[in-house]
Amino acid sequence: NYHQAAMMASRFVILMTTWAALAEVSPDASKRKVGCLIVGLGGNNGVTCVAGLIANRKKLEWEGQKGRLKADWKGCVTQQLPLARFENAEIGGWDIRKRKLGDALLEARTLDRDLALLVKDEMNGVEVMPGVWDRRYIGESQHETADHVFEGSHLQKIEKLRRDIRRFKNRVDGHTTVVWSGNVEANHFLEASAIRTAEALMDTIQTNAAVPPSVLYALAAALEGCSFCNGGSQDTLEVPGLLEFFTSSYALGTDFKSGQTKAKTAIVEYLKKLAFRVRVVASSNHLGNNDLRSLLSKKQQDAKLRVKHDIFPEEDSIDHTVSLMYTPYIGDEKRDYVEYSSEAFLSQGHTMVTYSRCSDSILCAPLIIDACVWCDAFRAAGAPQADVDRATAYLFKVRPKTTTGSSSVAAPYYFFDQLRDLEAVCAYYGFLPPVLAAAGEGGGGDVDTEEEENVGAERQAPPPPPPRVAYPAREGGSKFVVAAGLACLDIELLAASYDYSNREAINEYDGSRSKAGGSAPQFATALASIGQNAALIARLGNDMSARRLLDLLDTERTGIETASCVFSETLNTGNAIVPVFREDGGRGCYYDPGSNKEFSPADILEGLFKLADVGALHVGYPHLLPNCRGDDLANVFLRVNLLTSMDLNGVPQTAHLGDGIIDAPAAVVDVLHANADEARVLLRMPENRDPTFLALSLLHRTGAALVAVTDGSKGAALAVADDARLAASHLPNKAWAGQTARVPAYKVPDGAHLNSNGAGDAFCAGLLGTIVSHQADPNLSLDEVARVACLAAYQRVAGITTPRSVAAFIDDLRQADRGRRGGAAGFMKHKQTTPLLPPELPLH
């Protein structure tokens, strides 16, 4: 049975459980009873969470050092939003020490004594279930007090934990999350490369080989449909085989980022924005709680220091030193001291120091609460793991792998980057974006002192950004066609020569010009040129190249909405040098990806949230976007409920279907475009294949609803899927099912300066723009769509300065068709009343 469970982590199961989750959405999320199961319930974090729940549920008041205090949720971001209220939650858990929670709270001295006495009796009545443990993974200082444990084989321990979870869930109507808040374990899996699959993990468990207790808790949680949050520093979630089990829940972590680390990333980001070079970050923290006592053992301390050292990206070259000191007298009140040494103007020294002190569990308990409420909210919304990772990255020291993409070195992902991601994901799922700059203020309770009341009253939300220019509506009504994906500032070298026999030859060109380049800007400008509403979603740098690119978009084709763009604080705008060859208008390209390396599905979702009345979404060049491809991009297409298209470019010779880059998004997208060379590479086919054959082959191999293949002067071919796939798409004309169209290219006028830069993007814009603007036209044929797309590409290649719209092209095509059917007289009438279409090139 366990082997069968291990094999259930298939894409089909993931899809079905996602839809099942969508069906469970409560009409009033705030009333849902969230489940929170804490491993280490009797520790300082656990008892502080339980005390906070009771205090807020009972609306307790007590005397504190600063005056009369009331229960509140300060520090809990989720409790500022219309999500599940944690005072309605159910808390339980396990501990390997047998002690009453109220007594443990008093002993810990993490809260005011008056408050601890008010909640003590109720806390002492909370059941603490026996924990599972393995002395090999826990510090020696903890062995003697481990008197509340369940012994048995790994399978017996898992079954025991599953029974505990099922019994607990009977009291819960929301989602349950198991949170590891126990002692840090020694790392185990960092070198265990053999445990790559769920089946391999189950083999290891069944043979009772060494497996850390945290893995057993995580596995039991997954098998019971619960999420698991690794609040410790150990490598629990670095096991691919374990993650396969989380098909209907989430695996979050590693290591809660409660105070010092969160501040470090924010301060280093601040120093870098000042253009300082941060050289050394030297920090120490000392406290006397049981958590740090357990780190007196070297293996456990190594696990902790690993995640503390790795918070800065390698390319920053920061000498980051961390010191941990156990001082029993201090108790839970952690003392943090950090010194930042940087190079300022003329490489002169700059040093700043921060010092903070606060009970460690006061900082950590809100993170446990947020983790549980986020998992409940996203589970109810059917969100994928990648979105949850981005929204909850602010909780953890270790960056989630789903936010790093496939590049060998992930871009920096500092605290404010994480907050931007949190706001974007919240906005997409309909949770009100938190006022994160003031997330610790208010929260359901107030300090009863005049000074604090005045401070709160003086704080105001930041002013809204100035309104953007409202561009005039264009053909196609108010619906935007959104161009998302790669963006760069092109420097075109016009009429360039090229010596094919000598790559070191000195070549010439006749002038240069800047152009809004890359998939998204090229597609957007082509849309605008055929009278369509266009909006741009791209990631740009905060630099002159970005400003120049946006200027070109506003002036080159007035009407393109750019407010939906996002900006990188660390990388430059993408740039490209594009020689346009004088012989045939072909182009070369030398490309610096810059901020495109960071472009992600979260950027698309954030951009869409800023726009109203979107009719279609187009995403370009996934092979050149390391963080926007594969399953993550497919999830965007599945959720946006729009007509979607995807354009390929930059497909390397090593690419193929099955490499994971476009397989998932191509299977769910409505329109897929590739040129003939790209199609041959992906299909592993020889040259000189007919575009129709290539389009049909891509259609059947990818599962897209419509495939378009262009072949330069040889024209283009379209192929449409069968009835069932077309019915599942957003393509409006279901009569196209099973059809193909083969159309010629158009001849550029003699003497025109040919420029093929952006021709493929213009073809896609013509194709998608025609479908969107004429979706209510039952007479729109697949052949007409293909021909308008070729005409849009013709306008781009020929440099037409007075381009025609989609409606004008459709009228021209239909009058030309009526003329052909009317014989010579009809043709002459058509010639007198309508501008002639450009001549067609012969089909090859």
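Things to note:
- Rh (Kirkwood; distinct C-alpha pairs) - the range 62-103, Å: 13.8
- Using the average count of surrounding beta-carbon atoms within 10 Å as a protection proxy, the listed peptides 243-255, 319-331, 344-356 rank, highest first, as 243-255, 319-331, 344-356.
- Proportion of all alpha-carbon pairs of the range 32-124 beyond 19 Å (%): 40
- Amide H contacts of Gln775 (H built 1.01 Å from N, in plane; Pro and chain starts excluded): no residue 5 or more places away or on another chain comes under 5 Å.
- Pairwise label distance in nanometres, Arg57 with Asp777, each label 7 Å out on the Cα-Cβ vector: 6.4
- Note on the range 315-377: Cα convex hull, mean projected area over all directions, 7.4 nm².
- Inter-label distance for Arg136 and Arg113, nm, one decimal - labels placed 7 Å from Cα along Cα-to-Cβ: 4.6
- For the range 543-647, the spread of Cα positions along each principal axis, largest first, Å: 44, 31, 29
- Taking Arg379, Arg167 and ordering them by how much accessible surface each has at a 1.4 Å probe, largest first, produces Arg167, Arg379.
- Radius of gyration and maximum dimension Dmax of the range 139-292, Cα, Å: 18.6, 58
- Mean Cβ count within 10 Å, highest first, over the residues of peptides 752-759, 270-277, 222-229, 661-668: 222-229, 661-668, 752-759, 270-277
- Annotation: Cα Rg of the range 479-623 relative to the compact-globule expectation 2.2 N^0.38 Å equals 1.10.
- Global form of the range 737-812, assessed from the alpha-carbon gyration tensor, a/c cut-off 1.5: prolate
- Extension gain for the segment Gln653 to Arg548, taken as residue separation times 0.36 nm less the Cα-Cα distance, is 34.5 nm to one decimal.
- Under Stokes-Einstein, with the Kirkwood radius over Cα pairs as Rh, the value for the range 172-261 at 10 °C and 1.306 mPa s is 118 µm²/s.
- Between Ser284 and Glu151, the C-beta separation translates, for a Förster distance of 56 Å, into a calculated FRET efficiency of about 0.90.
- Per residue value of the accessible surface for the range 759-798 (all protein chains in place, 1.4 Å probe), Å²: 24
- For Gln739 and Phe567, a Förster radius of 30 Å and the Cβ-Cβ distance give a FRET efficiency of 0.10, rounded to the nearest 0.05.
- Arg814/Ala266 FRET efficiency (R0 51 Å; Cβ-Cβ; nearest 0.05): 0.25
- Taking a ≥ b ≥ c as the square roots of the eigenvalues of the alpha carbon gyration tensor, the range 677-773 is oblate, as a/c is not under 1.5 and a/b does not beat b/c.
- Counting only protein heavy atoms and a 1.4 Å probe, the range 650-702 has 42 square angstrom of accessible area per residue.
- Rg(Cα) / (2.2 N^0.38 Å) computed for the range 577-725, rounded to two decimals: 1.08
- Extension gain for the segment Ser501 to Lys610, taken as residue separation times 0.36 nm less the Cα-Cα distance, is 34.2 nm to one decimal.
- Cross-link reach is defined here as a Cα-Cα straight distance under 12 Å, omitting same-chain residues fewer than 8 places apart; for Lys169 the aspartates and glutamates meeting it are Glu90, Glu224.
- Over 27 Å (Cα to Cα) - which of Lys100/Lys397; Lys70/Lys334; Lys66/Lys120; Lys59/Lys157; Lys74/Lys397 fall in this group: Lys100/Lys397; Lys59/Lys157
- Sorting the segments 46-55, 96-105 by their mean number of nearby beta carbons within 10 angstrom, highest to lowest, gives 46-55, 96-105.
- Prolate/oblate/rounded call for the range 247-289, Cα gyration tensor, a/c under 1.5 rounded: oblate
- Taking the square roots of 5 times each eigenvalue of the Cα gyration tensor of the range 49-196, largest first, gives ellipsoid semi-axes of 32, 20, 16 Å.
The values are calculated or read from the model by the stated rules, or taken from the named source; none is laboratory data. None of the values given here were measured: they were computed from a predicted structure. No Cβ is skipped: glycine too gets one built from the backbone with ideal geometry, and neighbour counts run over all protein chains shown. Only protein heavy atoms, including side chains, enter the accessible area calculation; ligands, DNA and RNA are left aside. Shrake-Rupley method; radii C 1.70, N 1.55, O 1.52, S 1.80 Å.
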